[in-house]
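Participant: What follows is a single structure, and I will ask about it in a moment.
The values are calculated or read from the model by the stated rules, or taken from the named source; none is laboratory data. In this text the structure is predicted, and so the values were computed from the model without any measurement. Neighbour counts run over all protein chains shown; Cβ positions are idealised from the backbone, glycine included. Ligands, DNA and RNA are stripped out before the accessible areas are found, and what is left, the full protein with its side chains, is counted by its heavy atoms. Shrake-Rupley method; radii C 1.70, N 1.55, O 1.52, S 1.80 Å.
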Amino acid sequence: MKQTGEESERPVVVLFPTMGSEGITGELFWGRTQQDSLPGDPANGALAARFAVAEVHETLLDAYGKGDVDTIVEMAHREIQTGVRDYVAQTGTLVELHTKDDLKIHLQEFYAHYSVRGVEVVTKHFDDWFFFHELRWTVEARKDPDAGSVFRYHTAEYAEVSAAGLVVAHIGHGTDQLKIG
């Protein structure tokens, strides 16, 4: 702490977006906020929390591909903190969401704007309190002026998962969309 000089330790996750030859263009930092026990059934052994986080991840991936907004929102903490690239308004910036209701509205706008053709996992990592993934999205625009056009882009994101199996934070960014059809 700057004021006292006191040091502390806690797990953190940091994502450094890069833009090709420009190098690191940002920093997305999240420190574990949950002090509760980790998710999972202790009867599943030492990796119980990782198995639980992996299950949350698989459920979310399935919901992303189906456009199942209700499932995604059900898996979110009521005060979820979200910062992800805004593909709806195409601002190239992060959209900040602070509640489950904000998340639901944002997802409804996204799925009204796009039909998801596919979500592929490029890479993933699980720990006992978070997951990280890079996803390759293929989407078809539903609205003018791009209606019918197909786009591809990548997102790199991490999420903190509570002992209750809810996503507490979802932080990440993504590439520009590439028109492929």
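Participant: Return the only residue of Thr59, Thr71 being outside any strand (DSSP E or B), open to solvent by 50 Å² or more (accessible area, probe 1.4 Å) and without any contact (Cβ under 8 Å) to a residue 24 or more places away in the chain.
Facilitator: Numbers: Thr71 fails: open to solvent by 50 Å² or more (accessible area, probe 1.4 Å).
When all the criteria are applied, what remains is Thr59.
Participant: If the Cβ limit is 8 Å and pairs must be 6+ apart or interchain, which residue in region 80-108 that is under 13 Å from His173 (Cα atoms) pairs with which residue that is assigned to a helix (DSSP H, G or I) and modelled with pLDDT of 95 or more?
Facilitator: Every condition considered, the pairs that remain are Thr82/Asp102; Thr82/Leu103; Thr82/His106; Tyr87/Phe110; Tyr87/His113; Val95/His106.
Participant: Another one. State whether one or more residues within region 107-117 are touching a Ser or Thr at 6+ places or on another chain (Cβ under 8 Å) and at pLDDT 95 or above.
Facilitator: Of the residues in region 107-117, the ones touching a Ser or Thr at 6+ places or on another chain (Cβ under 8 Å) are 116-117.
Those left that are additionally at pLDDT 95 or above: 116-117.
Checked region 107-117: at least one residue is touching a Ser or Thr at 6+ places or on another chain (Cβ under 8 Å) and at pLDDT 95 or above.
Participant: If you take the residues in region 154-181 that are of a type in the set (Gly, Ala, Ser) and open to solvent by less than 50 Å² (accessible area, probe 1.4 Å), which one is nearest to Leu135 (Cα to Cα)?
Facilitator: As a first pass, look at region 154-181 and keep what is of a type in the set (Gly, Ala, Ser): 156, 159, 162-165, 169, 172, 174, 181.
Adding the requirement that they be open to solvent by less than 50 Å² (accessible area, probe 1.4 Å) leaves 156, 159, 162-163, 165, 169, 172, 174.
Numbers: Ala156: 7, Ala159: 14, Ser162: 22, Ala163: 25, Gly165: 21, Ala169: 17, Gly172: 11, Gly174: 9 Å.
Here the residue is Ala156.
Participant: Now a separate question. Please work out if Lys143 is at pLDDT below 95 and open to solvent by 30 Å² or more (accessible area, probe 1.4 Å). So that I can check it myself, show each step before the final result.
Facilitator: Values: at pLDDT below 95: yes; open to solvent by 30 Å² or more (accessible area, probe 1.4 Å): yes.
Against the criterion (at pLDDT below 95 and open to solvent by 30 Å² or more (accessible area, probe 1.4 Å)), Lys143 qualifies.
Participant: Moving on. Residues Gly118, Gly148, Gly165, Gly181: which one is under 17 Å from Leu61 (Cα atoms), in a loop (DSSP other than H, G, I, E, B) and not aromatic (Phe, Trp, Tyr)? Even if it seems obvious, please write down each step before you answer.
Facilitator: Numbers: Gly118 fails: in a loop (DSSP other than H, G, I, E, B); Gly148 fails: under 17 Å from Leu61 (Cα atoms); Gly181 fails: under 17 Å from Leu61 (Cα atoms).
From the options Gly118, Gly148, Gly165, Gly181, the qualifying one is Gly165.
Participant: Restricting the search to region 103-123, which residues are of a type in the set (Lys, Arg) and touching a helix residue (DSSP H, G or I) at 6+ places or on another chain (Cβ under 7 Å)? Break it down stepwise before answering.
Facilitator: Just the residues of region 103-123 that are of a type in the set (Lys, Arg), to begin with: 104, 117.
Across region 103-123, the qualifying residue is only Lys104.
Participant: Scan region 75-102 for residues that are open to solvent by 20 Å² or more (accessible area, probe 1.4 Å), out of contact with any helix residue (DSSP H, G or I) (no Cβ under 9 Å at 6 or more places or on another chain) and either closer than 22 Å to Val122 by Cα or assigned to a helix (DSSP H, G or I) (or both) and report the count.
Facilitator: 4
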